[in-house]
Amino acid sequence: MYQPARLFSYRARLLLIMLLYSLLQLSIVVVTSYWYVSDSEYQDKGERALDVARVVAKLPDVVAAVERGDSEFLQLLAEELRRTMGASFIVVGDANGVRLAHPKQERIGQPMVGGDNYAALSLGEEYVSRAKGSLGVSVRGKVPVKNAQGNIIGIVSVGYLLEKIDVQLKPYLYFMILLVMGVLSLNMLIGWWLAQRIKNTLLGFEPEQMSRLYAELQATLNTIREGVIAINREGIITNINANAIRLLGKDQGAQPSPVGLSLRDWLPDSDMVELLDQPQAQSDIELLHGHLLIANRVPMRDPQNSFIGMVSSFRRKDEITSLTQQLSQIKAHSEALRVQTHEHANQLNTIAGLIQLGQGEKALQFIGQANDQFQELIHFLIEAVDDSVIAGCILGKFHRAHELGLSLHIDPDSSLHQLPEHCGSEQIVTIVANLLDNAFEATRRSESPSPINLSMTDLGHDIIIEVEDFAGGIQNSLQANIYQQGVTSKSQEGHGIGLYLVKETVQILRGNVEFSSDQNGTRFTVYLPKQLK
């Protein structure tokens with residue numbers, strides 16, 4: 001007796017759940033459908049009203065009658081057009097919104113009601129509005145009346161009362177209610193039959209099977225070399241693997257799993273939550289969480305294509321850092337060799353000319369000066385800058401300045417020794433090279449080129465890099481958007497990227513870049529923290 005009673009209770013519960021669920025779904029469908037149909041009808045009536053208002057406002061007879069304030073003519077014409085077009089009302093007003101024509105003649109000469117005439121009478125706009133007028137709530141089209149000179153002399157308002165529209169929609173509502181009743185009856189029969197079919201099962205899975213599936217998913221995630229983290233639409237962590245916890249610098253043994261926690265609380269410096277408002281995929285972006293990471297982010301969607309959250313996979317940039325550094329060194333050395341070759345060729349030509357002129361002593365003196373200057377620069381860079389990539393960049397820019405007929409002055413007190421862990425030499429090269437290139441270009445355009453100053457220091461808590469020129473400053477119109485890509489004072493294509501790269505690199509390193517510019521010149525100062533807070 002116990003087993004049949006249990007099965008009957010199960011069938012009853014299942015049937016009740018199905019009925020309630022069906023009722024909820026159908027209620028939502030009915031309400032949504034009715035709202036959609038009514039809203040579509042309102043929009044259709046609004047567009048129709050706007051079309052009629054446009055026709056009326058442009059009739060020459062209407063324009064002339066509004067100009068002379070002929071209410072009698074406008075009243076007859078508006079009523080005839082209203083009956084022809086099937087509108088609830090056609091109201092014509094003057095430039096002050098005073099009625100010249102109205103379905104109820106006793107209201108002519110009174111101000112139009114609804115408070116929605118401003119955009120038509122003041123701005124000359126054509127639009128559809130929904131407001132309560134003297135005849136009731138209506139959807140109406142508003143069009144200004146303009147004379148031959150284009151001046152606004154009045155307004156035409158054509159409308160359809162919502163109560164009449166609702167009357168037209170009632171048969172549809174009755175049909176939907178009957179349909180709900182029919183579907184509920186059908187669901188009762190299907191639910192009873194379905195309860196008979198699955199009386200010995202529950203959703204096709206036992207709890208042990210669900211646990212096993214979850215364990216397999218976690219094991220799969222933990223075998224992936226990359227870190228993986230998923231959040232839902234509320235920014236709550238729904239899944240994360242062990243490599244993600246390790247790469248993000250979180251000690252898994254010291255705290256419980258972050259699943260169920262808010263990502264904003266667990267990882268405050270992450271910007272992944274910001275993508276929930278405007279979900280979009282991101283590929284190979286650089287992030288800084290103790291060290292540089294390369295991340296990919298993809299929106300998650302359910303089978304109905306509704307957005308349900310974000311998933312991110314990421315790895316350390318260290319895997320490609322070595323190759324990047326080698327490439328940066330090759331580029332720096334290549335540029336330095338090219339510039340030195342060009343400069344040495346000029347020096348050889350000078351020496352050859354002095355010898356041909358019989359000035360042997362001057363030739364020897366010139367050779368000595370050039371060699372001493374080069375050796376002095378090399379010695380200074382070896383002592384002041386430990387990183388060979390950065391030193392090679394500065395050396396190349398020094399010779400590039402000479403090649404352009406400019407002078408680069410390096411502060412003798414400059415020093416840049418061991419870089420922080422989160423800061424790579426290629427990033428310092430990006431900052432220094434682009435700032436110097438901009439200073440070179442500005443100085444070349446000045447009438448009397450002055451030396452460009454470069455200063456670097458790692459004393460204190462920040463690395464400070466400063467580049468200063470005396471080329472007349474940046475135009476005031478460009479200063480507000482100086483870091484935006486494409487903003488440049490040069491007319492040639494291909495410019496406007498240097499300061500954008502500087503700003504982007506400084507932001508990745510959690511630093512700050514400032515500039516001051518006046519009629520004498522421009523100074524850019526970069527602050528890079530040695531330790532991240």
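Where a number appears in this text, it was derived from the coordinates with a stated rule and is not lab data. As the structure is a prediction and not an experimental result, all values here were calculated from the model. Cβ placement follows ideal geometry from the backbone for every residue including glycine, while neighbour counts extend to all protein chains displayed.
Compactness of the stretch 437-489 was expressed as the Cα radius of gyration divided by 2.2 N^0.38 Å, which yields 1.35. Each Lys or Arg adds one and each Asp or Glu takes one away; over the other residues whose Cβ falls under 14 Å from the Cβ of GLU274, this sums to -1.
Where in the stretch 75-92 is the amide nitrogen less than 18 Å from a point lying 7 Å along the Cα-to-Cβ axis of GLN110? Correct set: 75, 89-92. The label point for SER450 and the one for TYR118, both projected 7 Å from the Cα toward the Cβ, are 5.4 nm apart.
If you take all other residues with their beta carbon under 14 Å from the beta carbon of LEU81, and give Lys and Arg +1 and Asp and Glu -1, the sum is +1. P(r) tail for the stretch 28-176: Cα pairs beyond 29 Å make up 18% of the total.
Looking at the stretch 76-122, which trypsin sites (Lys or Arg not before Pro) are DSSP coil and have at most 12 other C-beta atoms within 10 Å of their C-beta? Could the numbers behind the result be given before it?
Working: sites: ARG82, ARG83, ARG99, LYS104, ARG107; in loops: LYS104.
Passing sites in the stretch 76-122 are LYS104.
Determine the sum of side-chain charges near SER134: Lys and Arg each +1, Asp and Glu each -1, restricted to other residues whose C-beta is under 11 angstrom from that of SER134. Cβ neighbours under 11 Å give a net charge of +3. In a DSSP loop and with at most 14 other Cβ atoms within 10 Å, the GluC sites (Glu not before Pro) in the stretch 223-297 are GLU234.
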